[in-house]
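Below is one structure, written out as structure tokens; comments come after it.
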Amino acid sequence: MERVLRLASQNAAVIFSMSSCCMCHAINKLFCELGVNPAIYELDEDNKGREMEKALNSLLGRSPSVPVVFIEGKLIGCTDKVMSLHLSCNLIPLLKKAGAIWL
């Protein structure tokens with residue numbers, strides 16, 4: 001858990017992902033198209049990925065645990081939460097406030 005929280009707080013926008021996950025790819029692409037350069041941690045390519053996945057499951061209270069987005073070190077959530085924020089026009093202001101984008 002400590003590692004996840006530390007990594008999540010090191011960048012304005014952080015995505016925990018898996019390279020083979022289509023929803024992860026969609027969220028990563030959304031952020032890139034918005035002009036965000038998030039730190040992306042591919043759990044299946046990290047030697048401590050299993051530990052981080054368990055920590056994310058614990059934080060979320062559910063499984064699967066990816067993609068998981070943090071903005072300004074704060075847990076935003078998975079795909080459903082991110083898309084809900086985006087569709088309600090609340091994602092971009094969050095990213096601006098964090099300094100992740102300049103529009």
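Near ALA8, once Lys and Arg are set to +1 and Asp and Glu to -1 for all other residues with Cβ below 12 Å from its Cβ, the sum equals +1. As a ratio to 2.2 N^0.38 Å, the alpha-carbon radius of gyration computed for the chain takes the value 0.98. Considering only LEU59, LEU43, LEU91, the mean-square fluctuation computed in a Gaussian network model of the chain, springs between alpha carbons under 10 angstrom, is largest for LEU59. Taken per residue, the accessible surface of the chain reaches 56 Å², heavy atoms only and a 1.4 Å probe.
In percent, how large is the relative contact order of the chain, given Cα pairs closer than 8 Å and 6 or more residues apart? Relative CO of the chain lands at 34 percent. Here is what passes the span test in the chain: the DSSP H helices with alpha carbon length of 15 Å or more along the helix axis and a Kyte-Doolittle mean of 0.5 or above are 22-33.
Could you work out what % of the accessible surface of the range 1-81 is carbon and sulfur, using a 1.4 angstrom probe and leaving DNA, RNA and ligands out of the count?
Values: 2150 of 4360 Å².
The C+S portion of the solvent-accessible surface of the range 1-81 is 49 percent.
May I ask what percent, to the nearest 5, of DSSP beta bridges between residues of the chain are antiparallel? Here the antiparallel bridges make up roughly 65 percent for the chain.
Taking the Cα centre of the chain as the origin, how large is its charge dipole in debye, to the nearest 20, when only Lys and Arg (+1) and Asp and Glu (-1) carry charge on their Cβ atoms?
Working: 11 positive and 10 negative charges, 62 e Å.
Charge dipole, the chain, about its Cα centre: 300 debye, nearest 20.
For the chain, the longest piece that avoids every one of the trypsin sites (Lys or Arg not before Pro) found in DSSP loops with at most 14 other C-beta atoms within 10 Å covers 1-47.
The values are calculated or read from the model by the stated rules, or taken from the named source; none is laboratory data. Quantities reported herein were computed from a predicted structural model and do not represent experimental measurements. Backbone-built Cβ (ideal geometry, glycine too); neighbour counts: all protein chains shown. To get the accessible areas, we keep the full protein, side chains included, count just its heavy atoms, and leave off ligands, DNA and RNA. Shrake-Rupley method; radii C 1.70, N 1.55, O 1.52, S 1.80 Å.
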